[in-house]
Structures are given as structure tokens and as C-alpha cells.
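First up is the structure itself, then whatever we jot down about it.
The values are calculated or read from the model by the stated rules, or taken from the named source; none is laboratory data. Nothing here was measured: the structure is a model prediction, and the numbers come from that model. Cβ placement follows ideal geometry from the backbone for every residue including glycine, while neighbour counts extend to all protein chains displayed.
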Amino acid sequence: MTTVPKYPWALRNLPPFPPVANRLLALLQNQNVSNIQLAEVIRMDATFSFELLRLANSSLFGFAHQIIDIGHAISVVGLERVKAMVMMVALNAQIKSALRYQRLLDCWVHCLACAVLSEQVAYGCGLPPERAYTAGLLHDVGRLGMMTAYPQEYNRLLDVAADENLQLIDAELDVFDIDHCMAGAWLVAEWNLPNEVGIVAQTHHEPPIAGDREMGNVIRITNRLTNALGFHVLPPKEDFSYPALRRMLPSIAQRNLPEDPEELRLGIQERVLSFTAPKTAA
């Protein structure tokens, strides 16, 4: 792995995480945290409350009666899903100003699609789905950080890389003295996130290995699958087809994915749109 700079200048303008998100992530690092403690903090923020209740009442859990209590919702979704929800909401708030550029919105959609796909194949790889979702969501956290700190410049970099058919990592190094893999590893350490996420962020462009069930390798496959399904930032340069990537997964995980990539793409698109569409509280 490439050495990560101690303090990359390209991330100095990055706004801090929302205070509520910082408090929640600190609480969630404590294995003995109570649902009451989490509920008290989540109730302080309308967006976190809305997203948690929306998740608890989704078809994923299939309860006949509507869940309206934050504490009950935490019990239903579990701590790992609460953690993933906190990261998704916090990142969305942080990068919101950058999403006026279509290419930067594509970066966020790619992360969301990779999270959904990683969660879908996780069980067949012997991995906890909630952790796979978080790893998929954060694999490009370095790119999200760079585009948030310098949205106009990063958008221009993507335009140039597309027009000149450049390798994105090389273009990032030329402009920012750091690529998004190194930036991701630095941010994960700075935010005190799990080491597993930092490894995923730093190594997701390394070649995937067929059949390997380690989290980093699974994300290398799902990242490329996400691109093959059309949720890419720039057209992928690697010649990986959907069937070839699907065959790299363990057989159980393969059965969790349809043979028709369009069927999978539409399913992921529906989930992603539910995250990115404007929301209003009831």
C-alpha cells in the first residue's frame, strides 16, 4: 500500500462532520452503549430521526405496524445498521454543496450503489451485511473528501480525465499531491473509523482475487460490478464484464445476484433513488 501523508493539504478545507454524527459515532464505538443513550442523541436531529424511522419501517424489516419510537427503531435495525445510517446521513450533509455538479453527484451515487450491492452479496461471502454496506459506502470516502474540499477543482479534474482518457489516480496525484485511495485511508484514521474500512479505502483499486471472501477483496469486486452496471464516475478502463465479475464471488453470493445485469441495475437504482430523492418529513 502507498504511504499516506500525515496531513494532506487537499483535505484541509474539508468541513467537520455534523456534531450529532460525531457524538453518535463516538457512542457506537462503545460495545456497551444503550439504545436509550443513542435515542437521546438521535432525537436531537430531525434528519437522523427521519432516516432511522424510514429504515425501520422499510420493506427490509416488514413490520405490520408503523414504528414511531426512536428507541424501538434502534432495536429493530440493530447497531451496525444505525452506524451505517449515521455515516450515510453525515456524508450526505457534508458533501451536499458539491452535488450541484453532475459528475460529483455521480461520485455519491456510485458509493451508494456499491453499498447496496455489497450488502446484497455479503451473506454469501460469510460477511456481516451491515459491515459490508458501510465498507461499500466508504470505499471512495477519499474522493468524497477531496470533492467536498475543492468541488470546482475536482469536477474540472474529472472533466479533463474523461476528455483526455487519463487514469483518475494519476490525475489526482498531479493536481492534489494525493490520490483518493490515500485520502480515504487518512480520513478513516482521522475520523477514528474501523481499520477494516481504512484498508478497503486504500486498496479498492487493487486487482480482485476470485473466491477470496476477505472484506477488502469483496469490495474490490463489488466496486467493479457497480461500474459494470453503469453506476460509474468515469467509464471503467478495466475490461471486466458483469458475468466475469459475478463468477469471482463465492457460489452462494453468485446466486444472490441475477444473471441479467439489467434486473440488478434497476433494483439498485430504486434503492439509490430512495436515498437521493428530496425527502419531506410527514
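Restricting attention to the range 250-262, the residues that are farther than 15 Å from Gly126 by Cα, of a type outside the set (Asp, Glu) and in a helix (DSSP H, G or I) add up to 1. Just one of the listed residues (Arg271, Arg247, Arg265, Arg224) is among the basic types (Lys, Arg), outside any loop (DSSP other than H, G, I, E, B) and buried (at least 20 other Cβ atoms within 10 Å of the Cβ), and it is Arg224.
Considering only residues in the range 19-77 that are touching a residue at least 24 places away in the same chain (Cβ under 8 Å) and among the aromatic types (Phe, Trp, Tyr), the one that is farthest from Arg131 (Cα to Cα) turns out to be Phe50. The set of residues in the range 206-221 being crowded, with 18+ Cβ neighbours inside 10 Å and part of a loop (DSSP other than H, G, I, E, B) consists of Pro208 alone.
Here's the yes/no breakdown for (1) closer than 20 Å to Val188 by Cα; (2) outside the structural domain of Glu190 (by TED's automatic domain parsing); (3) among the β-branched types (Val, Ile, Thr):
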position	(1), (2), (3)
Arg131	yes, no, no
Thr134	yes, no, yes
Val141	yes, no, yes
Leu144	yes, no, no
Thr148	yes, no, yes
Arg156	no, no, no
Asp159	no, no, no
Asp163	no, no, no
Leu166	no, no, no
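Could you please let me know if Met44 is outside any helix (DSSP H, G or I) and aliphatic (A, V, I, L, M)? Against the criterion (outside any helix (DSSP H, G or I) and aliphatic (A, V, I, L, M)), Met44 qualifies. Of the helices (runs of 4 or more DSSP H) lying entirely inside the range 95-152, those containing at least 3 residues that are closer than 17 Å to Val272 by Cβ and not basic (Lys, Arg) span 102-122, 129-138. Would the range 129-136 turn up any residue that is crowded, with 24+ Cβ neighbours inside 10 Å, closer than 30 Å to Ser251 by Cβ and aliphatic (A, V, I, L, M)? Yes, the range 129-136 has at least one match.
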